[in-house]
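Right, one structure below, let's go through it.
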Amino acid sequence: MFKDINHYLTWVNIAGPNVVLMKIGGLWRDSPFTLAALVLLMTAVGLLPIANADDGKMAEQDINYQKLSEPELKQKLSRLQYDVTQKEATERPYNNEFWDNKKPGIYVDVVSGEPLFTSLDKYDSKTGWPSFTRPIDNRYIVEKKDYRLIFPRVEVRSKFADSHLGHLFTDGPAPTGLRYCINSASLRFIAKQDLAREGYKQYMDLFI
């Protein structure tokens with residue numbers, strides 16, 4: 001099917017990843033390349049992920065991040081924390097726990113403990129809510145369209161607990177230009193000196 005590697009790479013770029021993935025099962029029969037070679041080529045052009053040594057650790061740790069049952073949620077959370085994370089409520093600006101917190105550390109989901117944001121990416125957005133330029137790890141953030149107001153917004157939720165966190169806006173500072181506007185009630189703060197004790201040792205290097 002392919003004359004040479006350049007022919008193959010050109011086809012990949014034109015076809016796009018969806019077509020490539022659908023056809024991969026049959027390509028090796030009509031191509032001078034072996035299936036293993038095609039997999040290597042797809043990895044090289046970014047169509048297949050490259051596994052790394054930390055993936056196993058992350059997957060093992062992710063097992064601990066779970067959504068609680070309704071009785072567990074009501075027992076663990078305050079009324080405000082429950083309303084924000086489970087009912088998409090919004091706390092009052094300038095009258096919440098972390099809007100002006102300047103201590104070094106990370107912010108995790110109040111329900112599951114998923115690591116969400118770091119103080120290194122926190123800034124004063126003059127809105128009265130904790131604001132961050134990016135998540136600590138995109139794997140723990142889910143973005144959804146929110147049509148509850150007249151105009152659509154981007155809602156931010158945690159991946160495993162499915163907690164409502166806040167909203168994402170595109171009026172933030174450099175380098176991302178993003179503003180993750182987050183409710184304090186959806187967060188638990190872990191100070192830098194407590195990271196190892198709380199099970200977040202892997203993030204200590206951020207503060208060296």
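The values are calculated or read from the model by the stated rules, or taken from the named source; none is laboratory data. Note that the coordinates shown come from a computational prediction; the quantities given were computed from them, not determined experimentally. Backbone-built Cβ (ideal geometry, glycine too); neighbour counts: all protein chains shown.
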Report, by residue number, each residue of the stretch 168-208 that is of a type in the set (D, E, K, R) and out of contact with any Lys or Arg (no Cβ under 8 Å at 6 or more places or on another chain). Arg179, Arg188, Asp194, Arg197, Glu198, Lys201, Asp205
Answer residue from the stretch 122-162, given it is basic (Lys, Arg) and in contact with a strand residue (DSSP E or B) (Cβ under 6 Å, 6 or more places away or on another chain) and is nearest to Ala89 (Cα to Cα) among those: Arg157
Looking at Ser125, Ser119, Ser163, Ser131, which is the one that is of a type outside the set (Phe, Trp, Tyr) and in contact with a Gly (Cβ under 6 Å, 6 or more places away or on another chain)? Ser119
Going by what's in this entry, would Ser125 be described as over 18 Å from His164 (Cα atoms), assigned by TED's automatic domain parsing to the domain that holds Asp146, assigned to a loop (DSSP other than H, G, I, E, B) and in contact (Cβ under 8 Å) with a residue 40 or more places away in the chain? yes
What do you reckon, is Leu120 more than 30 Å from Pro71 (Cβ to Cβ), touching a residue at least 60 places away in the same chain (Cβ under 8 Å) and in the same structural domain as Lys192 (by TED's automatic domain parsing)? yes
Evaluate the following for Val154: is it in contact with a Phe, Trp or Tyr (Cβ under 9 Å, 6 or more places away or on another chain), surrounded by fewer than 22 Cβ atoms within 10 Å (Cβ to Cβ) and β-branched (Val, Ile, Thr)? yes
Single unsatisfied condition, Pro175 versus (1) under 24 Å from Lys67 (Cα atoms); (2) assigned to a loop (DSSP other than H, G, I, E, B): (1)
Filter the stretch 131-147 for residues that are outside any strand (DSSP E or B) and in contact with an Asp or Glu (Cβ under 7 Å, 6 or more places away or on another chain); which is farthest from Leu120 (Cα to Cα)? Tyr140
Grab the helices (runs of 4 or more DSSP H) fully contained in the stretch 36-104, keeping just those with 3 or more residues being at pLDDT 95 or above and assigned by TED's automatic domain parsing to the domain that holds Ala161. 70-76, 79-87
If we keep only residues of the stretch 113-130 that are in contact with a helix residue (DSSP H, G or I) (Cβ under 9 Å, 6 or more places away or on another chain) and polar (S, T, N, Q), then the residue surrounded by the fewest Cβ atoms within 10 Å (Cβ to Cβ) is Thr118
Evaluate the following for Thr85: is it among the β-branched types (Val, Ile, Thr) and surrounded by fewer than 22 Cβ atoms within 10 Å (Cβ to Cβ)? no
When you scan the stretch 150-170, do you find a residue that is over 13 Å from the mean Cα position of the chain (by Cα), charged (D, E, K, R), modelled with pLDDT of 95 or more and outside any strand (DSSP E or B), even just one? no
In the stretch 168-208, residues that are at positive phi and touching a strand residue (DSSP E or B) at 6+ places or on another chain (Cβ under 8 Å) total 0
